[in-house]
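Comments concern the structure below.
The values are calculated or read from the model by the stated rules, or taken from the named source; none is laboratory data. Treat the numbers as computed from the prediction; the structure is a model and nothing was measured. When we count neighbours, we look across all protein chains shown, and the Cβ atoms used for this are built from the backbone with ideal geometry, even at glycine.
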Amino acid sequence: MTGSVRRSLTALLLVAAVVLTGVACSSTDEQFTAPVQINLPDGRQVTVDGTPKRIVTLGGQWTDVALSFGVVPVGYYDSLKQQTGSAPPWFGDRLADSTPIELEGDVVGAVAALEPDLILAPGFASMSGSFENLSKLAPTIDKISGQQVDPWEDMVTLMGTILHQPDKATEIIAGVTAKVHEITTEFPGLRGKTYSFAYLYGSDQISVLGDASDGAAKLFTSLGLTMAPQLIRQSSRAGQPRFQVSTENIPMLSSDLLVMAAQTPALQERMEALPGYRNLRSVRTGAVAMMSTVQINGVNEPSPNSIPYAFEQMRPALAAASQS
């Protein structure tokens, strides 16, 4: 049989359609080896034959999505561990038998040695030459959306399609959705409240999320929260989903909830001493989730296991925002 399935997307999210192309088949076994064709935002088409067994994930979101399916990548790149020295706690010890890949070395050579049959490499298309060479090794998938952070649900759905496990994908999404529902049930006052999401990475530079359709923003939307309108306006003016502001403009982060991290403890102390910070509404009401770089990554790049973890870190701030 021949058919195509297009996953509908929300009006707030612009992603490339995922088209599944079947081949003539007369048995269940053949259905599980039918090729899958993925149309990506950059116009490329990637075809995955059969069911991949040796998957390389060059991004934390994809690594977690694979682990959610019980698939341990043969190799992976963990940018968070490279940056902080600590692996994401939501991975647990499940990568013990997987090979870490260093971007500073010969990435293509390291991946080739693993003999992959699928490479998931978000953001690598911008790396001159590397992506093309990776694509010669195995089917290689870059970003699947038009957003800076891919929506985790679409990643799970695509993985379920590639692995020929759509029911498992539905189960994973339903499990995370249930945990989100637990939060909204516990804190109904969150609905309609505003939030700010930021990261202090230098002595005078704060990176702020201003794109309400970003994959990270959708996590807050799932709780009934709305992005502070001044951030959306500034993002539109800057033409960037994440824009920079100086610490003197920290009042721009005014909202009912503030989720934030600083690159170092010293930077956090410096920021918390600023009058503009102390006068923020979220600070006055105790609705601030001041997270570590590792913790905030669970929000910045949401994935099936990072979302419940991140919510636990945010729980006191969510409670305060709900009551404010």
Failed item, numbered, when Leu95 is tested on (1) in a loop (DSSP other than H, G, I, E, B); (2) buried (at least 17 other Cβ atoms within 10 Å of the Cβ); (3) in contact (Cβ under 8 Å) with a residue 60 or more places away in the chain: (3)
Exclusive hit being closer than 26 Å to Met260 by Cα and among the aliphatic types (A, V, I, L, M), set Leu190, Leu134, Leu163: Leu190
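Within the range 164-211, which residues are among the hydrophobic types (A, V, I, L, M, F, W, C) and under 17 Å from Thr226 (Cα atoms)?
Within the range 164-211, the subset among the hydrophobic types (A, V, I, L, M, F, W, C) is 169, 172-174, 176, 178, 180, 183, 187, 190, 197-198, 200, 206, 208-209.
Val180, Ile183, Phe187, Leu190, Phe197, Ala198, Val208, Leu209 - these are the residues of the range 164-211 that are among the hydrophobic types (A, V, I, L, M, F, W, C) and under 17 Å from Thr226 (Cα atoms).
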Hits in the range 217-257 (condition: in contact with a Phe, Trp or Tyr (Cβ under 8 Å, 6 or more places away or on another chain), of a type in the set (Gly, Ala, Ser) and outside any helix (DSSP H, G or I)): Ala228, Ser255
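Would you point out which residue out of Thr161, Thr177, Thr157 is farther than 15 Å from Leu253 by Cα, touching a helix residue (DSSP H, G or I) at 6+ places or on another chain (Cβ under 7 Å) and of a type in the set (S, T, N, Q)? Write out each step before concluding.
Working: Thr161 fails: touching a helix residue (DSSP H, G or I) at 6+ places or on another chain (Cβ under 7 Å); Thr177 fails: touching a helix residue (DSSP H, G or I) at 6+ places or on another chain (Cβ under 7 Å).
On inspection, the qualifying residue turns out to be Thr157.
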Options Asp154, Asp167, Asp211: the member that is of a type in the set (Asp, Glu), farther than 26 Å from Asp78 by Cα and surrounded by fewer than 22 Cβ atoms within 10 Å (Cβ to Cβ): Asp167
Of residues in the range 258-307 being assigned to a helix (DSSP H, G or I), at pLDDT 95 or above and more than 27 Å from the chain's Cα centre (by Cα), the one surrounded by the fewest Cβ atoms within 10 Å (Cβ to Cβ): Arg284
